[in-house]
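Sharing a structure, written as structure tokens. Questions coming.
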Amino acid sequence: MTATDFDAERAYEDDRFAPVELFDSDRMRVACGYFEPGQFIPVHAPSSDVVVHVRSGSGIVRDGDDDHRVEAGDIVVVEADAERGVKADADSRLEALLVVAPPPTDAEHEVVDERLRAGEFDP
């Protein structure tokens with residue numbers, strides 16, 4: 001069993017959002033995501049479902065063509081193959097629990113790494 005809390009795992013990075021992996025299997029990945037103001041997970045469309053549960057802060061979660069405003073307590077579920085991304089507001093840190101099933105492949109995540117390096121949220 002994995003048991004922890006956001007305070008124990010908290011980690012921020014200056015140049016990109018900081019995911020702290022809590023669990024990973026071939027069926028599911030669970031991570032805490034820590035975003036400084038304006039940081040993001042770029043829009044991408046892997047073949048996995050994702051649940052984003054916002055613990056604190058505010059921002060947007062992209063689900064296909066829709067941007068959902070989110071704040072503490074909100075939960076957004078995005079189905080597989082839909083474009084998705086997460087972005088903290090410019091004036092707020094964002095902390096969220098991220099559950100992805102099944103985990104994206106390395107090839108699917110290459111686009112995320114490329115867009116992070118380029119500083120691009122939208123494709």
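Carbon and sulfur atoms: what percent of the 1.4 Å accessible area of the chain do they account for?
46 percent
Another question, if that's okay. What list of ³J(HN,Hα) couplings, whole Hz, do you get for the range 75-88 from phi and the Karplus terms 6.51, -1.76, 1.60, once you set θ to phi - 60° and write x for glycine and proline?
Using θ = phi - 60°, the values come out as 10, 10, 10, 10, 6, 3, 6, 8, 5, 8, x, 10, 9, 6 Hz.
Using a 1.4 Å probe, what is the accessible area per residue for the chain, in Å²?
54 Å²
Further question on the same structure: Using each residue's phi in the range 105-121, evaluate 6.51 cos²θ - 1.76 cosθ + 1.60 at θ = phi - 60° and report the 3J(HN,Hα) Karplus result to the nearest Hz, with x for Gly and Pro.
Working through the residues one at a time gives 6, 4, 4, 5, 8, 4, 5, 4, 4, 4, 6, 5, 4, 7, x, 10, 7 Hz.
In debye, nearest 20, what is the charge dipole magnitude of the chain about its Cα centre with +1 on Lys and Arg Cβ and -1 on Asp and Glu Cβ, if you could check?
In total the dipole reaches around 240 debye.
Follow-up question, since we're still on this one. Restricting to DSSP H runs of at least four residues, report the calculated mean residue ellipticity at 222 nm for the chain, -39500 (n - 2.57) per run over all residues, nearest 500 deg cm²/dmol.
Result for the chain: -4000 deg cm²/dmol, rounded to the nearest 500.
Okay, next question. Report, by chain and number, residues whose modeled amide H sits under 5 Å from the one on PHE23, excluding near sequence neighbours (fewer than 5 apart, same chain).
For PHE23, whose amide H was placed from the backbone, the distant partners under 5 Å are VAL30.
Using 1/(1 + (r/R0)^6) with R0 = 35 angstrom and r between the beta carbons of ASP5 and ASP65, what's the FRET efficiency to the nearest 0.05?
The value I calculate is 0.50.
In whole Hz and in residue order, list the ³J(HN,Hα) couplings for the range 48-59 that follow from phi through the Karplus curve 6.51 cos²θ - 1.76 cosθ + 1.60, θ = phi - 60°; x for Gly and Pro.
After applying 6.51 cos²θ - 1.76 cosθ + 1.60, I find 9, 7, 9, 10, 10, 10, 7, 8, 7, x, 8, x Hz.
Still on this structure, I have one more. Going by the alpha-carbon gyration tensor, a ≥ b ≥ c the square roots of its eigenvalues, is the range 15-90 rounded (a/c under 1.5) or, if a/c is not under 1.5, prolate (a/b greater than b/c) versus oblate?
oblate
Right, here's the next one. Whole angstrom only: what separates the Cα centroid of the range 95-116 from the Cα centroid of the range 21-76?
10 Å
Tell me which residues come under 5 Å, amide H to amide H, from ASP89 once H is placed; ignore anything under 5 positions away on its chain.
For ASP89, whose amide H was placed from the backbone, the distant partners under 5 Å are GLY38, SER58, GLY59, ILE60.
The values are calculated or read from the model by the stated rules, or taken from the named source; none is laboratory data. Just so you know, these numbers come straight off a predicted model, no measurement behind them. Virtual Cβ from ideal backbone geometry, glycine too; neighbours counted across all protein chains shown. All accessible areas refer to the heavy atoms of the entire protein, side chains included, with ligands and DNA or RNA removed. Shrake-Rupley method; radii C 1.70, N 1.55, O 1.52, S 1.80 Å.
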